[in-house]
Amino acid sequence: MRHSWRIFLYRNYQRSSIKISNPFQVLPKHSPSLLRSLSSSLHTLAQQNCHFSETHQKPKLNNNTPLFARNFSSESSLVEPTNDPDHVLLVCDALTKFDEFDDISKELELHSVVISHDLVLKVLKSLESKPEVAKRFFDWVLEKDSGRLSSKSYNCMLGILGVNGLVVEFWDLADKMKINGHGVSGVTRDRVQKKFEKEGLKDDLEKLKGVFARGSVDNSVEKIGLRVSRIVRNRVWGEDVEGEIKNLCAEFSSDLVKIVLEHLVMEPMKALIFFRWVEDSGLCKHDGRSYNAMARVLGREDYIDRFWKVIDEMKSNGFEMETGTFDTVLARFMSRKMIKEAIDLYEFAMNGANKPSAKCCTYLLRKIVVGKKMDMVLFSRVVEVFTGNGNVFTDPMLDAVLKALTNVGKFGECNKVLREMKVAGFVASGNLQRKIAFGLTRAGMNDEANEFVDHMESSGRDLSYKAWASLIEGHCVSGDLEKASDCFKIMIEKKGVSGARYAFELLINAYCCKNRAMDACNLLHDYVCQNHLCPWQTTYKVLINKLLVQGAFKDALNLLGLMQSHGIPPHIDPFFEFVSKSGTGDDAIAFMNAMTTKKFPSISVALRLFKALFKAQRHDEAQDFLSKCPIYIRNRADVLNLFCSKKCSKDTTTTTVSV
């Protein structure tokens, strides 16, 4: 038997002459006698029902009426929709009210509007002056049921675009019509030609004339391709189909084969039979375009083996996979969760001439890590083929993968990713180190955080001070101050104190926020005295303020001496408020002594403290403080004048009250 291969290809492909998988598929052609019999029966039935239509009220269409009326042949439809004139207005109103196609459909179904071919034409004609709305309606019908759009519908829409000056959209639609086998009518041509002449669009005018000089699209490759695809799609493959195709007397080329295969995208087996037959029959020698078209059709779950056979055959014949083929098949694989097949495809493409971009690598890595099972074997394969082609991983790529892990609550597995990256020679930079460190400790993943530190050290790139600070900050945010303190201690042991002040301030702030100022004070004393740490002035300020709030006056005073020993101006402002409101004369003297290095503080400090005490109406404490001050302060004229003025003011107030 000739072409025995087609039996093998087709033997698992079951086709029923009764069952229609697509409810809108064109029915097989019947014999003329059967059609005449059916037509006669329908005519008789219509005459019998004529009497009832006159005596009974016509039933209303309910909301279950199909939105699109169907005619399966050129004969009259078995159910002819009611062409209510108001339906045109209802459709236009729905297009005005709603933007989403689904909302438009629901609105029309609610009003029992059935979209027929005649209604499409009526709506388009009513929207001739509103090309944007007409285009939206046309696109809606095209999406919901392209079968409602005839050549007349296309020409009507094309005319609307042309006469309204939408030239780009006009030619886009003309190209689509050409692909679908629809020609530009003479009426449309004449209407648009006048507009082009009026607007002085000479190039477009010549292009339009050229279309008709070639006889529109009747003999175009697109038209022939559509004819061939219809023959293949609507018939069971056999010698009669082969003969019918040959009788077209078409000149087969890779372009024609490509067009046919594109129209057979929903019939992969028939597409493959046609693909093999064309070359075996000597009609066409396949090239890269036809191979890629076949690959795009077969790139699906249920034809995966045949897909790879065609791909390998294409490669062995010296043709490359096109970028469009890769993108189309990859998207289909990913939508079906076919991750392994997607990685196989990626490896194939990376070893070819048209290599995917770095974004594709990142995309695949993200998809792998968010899977139910994080398959590091697949991850490693992507990394290996990416770097094996001379590419280098970057921080943004790893950052995108880490964000994907975070989104699915699997950030704790980031060390697995880092290990694979390390094999490829990539080590996270400082900013990424900080993100990872903070993310792990904030989530309380202490073991993973320790593993991360070990990983960085084994990579020959120790954590920076800022990365250590992020580790500590994460512990603080999680509320584990002991872990934060231990982490700071380890940092000091490994890196010293030269860059530790930022991390230390984070630690002190965290203790103060937890009302543990005394513990923070002890930490500061230990690291200052034992490790010679020199905290920032802001660190001292925060701690002094918090100690005074908690009433730890003496501990706060001790910090003033440490500040002075580091050459930092002492933070004295909160002490004035504390002493004036709740301190004693002895506290005032202690404060003055804490500020002393070689001699007692200046007169200005003493005066400020006296004024604060008087302002707080604490005259006795001010007098007690004065009595304990050195004589050079007690005998100062400005000090005596201050006390005298306050005493006179007090006596005047007392006299006024007595009177």
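Overview of results
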item: Proximal lysines to K97, defined as alpha-carbon separation beneath 16 angstrom and excluding residues fewer than eight positions away on the same chain; result: K106, K130, K135
item: Y632 versus K194: modelled label distance in nm, points set 7 Å from Cα along the beta carbon direction; result: 11.0 nm
item: Gained length - L248 relative to E320, 0.36 nm times residue gap less alpha-carbon distance; result: 22.8 nm
item: Extension reserve of the K340-D139 stretch, reckoned as 0.36 nm per residue once the Cα distance is removed; result: 68.7 nm
item: Distance between modelled label sites at R289 and Q530, nm, 7 Å Cα→Cβ extension; result: 8.0 nm
item: Cα-based convex hull, the stretch 288-350, per residue volume (Å³, whole number); result: 68 Å³
item: Set of aspartates and glutamates near K122 by C-alpha distance (under 12 Å), chain-local residues within fewer than 8 positions excluded; result: D84, D86
item: Accessible area of V427 in the full protein assembly, 1.4 Å probe (Å², nearest 10); result: 30 Å²
item: Summed residue charge, Cβ within 15 Å of S429's Cβ, Lys/Arg positive, Asp/Glu negative; result: +2
item: Hits among aspartates and glutamates - C-alpha to C-alpha of K315 under 14 Å, sequence gap 8 or more where chains match; result: D287, E347
item: Rounded FRET efficiency, nearest 0.05, which uses the C-beta distance separating D573 from D327 and R0 of 56 Å; result: 0.25
item: Charge sum, other residues only, whose C-beta stays under 11 Å from F576's C-beta, Lys/Arg counted +1 and Asp/Glu -1; result: +2
item: Sparse-neighbour loop sites [trypsin sites (Lys or Arg not before Pro); the stretch 500-602; at most 14 other C-beta within 10 Å; DSSP]; result: K514, K598, K599
item: Spin-label model distance (nm) - K106 vs R235, 7 Å beyond Cα toward Cβ; result: 4.6 nm
item: Förster radius 45 Å - calculated FRET efficiency between L89 and L205 (Cβ-Cβ, nearest 0.05); result: 0.80
item: Relative contact order (%) - criterion: Cα under 8 Å, at least six apart; region: the stretch 113-163; result: 46 percent
item: Accessible area of D145 in the full protein assembly, 1.4 Å probe (Å², nearest 10); result: 10 Å²
item: Efficiency of FRET from Cβ geometry, K176 and D280, R₀ 30 Å, rounded to 0.05; result: 0.40
item: In the stretch 218-321, the GluC sites (Glu not before Pro) that fall in loop regions by DSSP, at most 12 other Cβ within 10 Å; result: E251
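The values are calculated or read from the model by the stated rules, or taken from the named source; none is laboratory data. It should be emphasised that the depicted structure is a prediction, and the values quoted were computed from it without experimental measurement. Glycine also receives a Cβ, built like all others from the backbone with ideal geometry; neighbour counts cover every protein chain displayed. Keep in mind that these areas ignore ligands, DNA and RNA; they rest on the heavy atoms of the full protein, side chains included. Shrake-Rupley method; radii C 1.70, N 1.55, O 1.52, S 1.80 Å.
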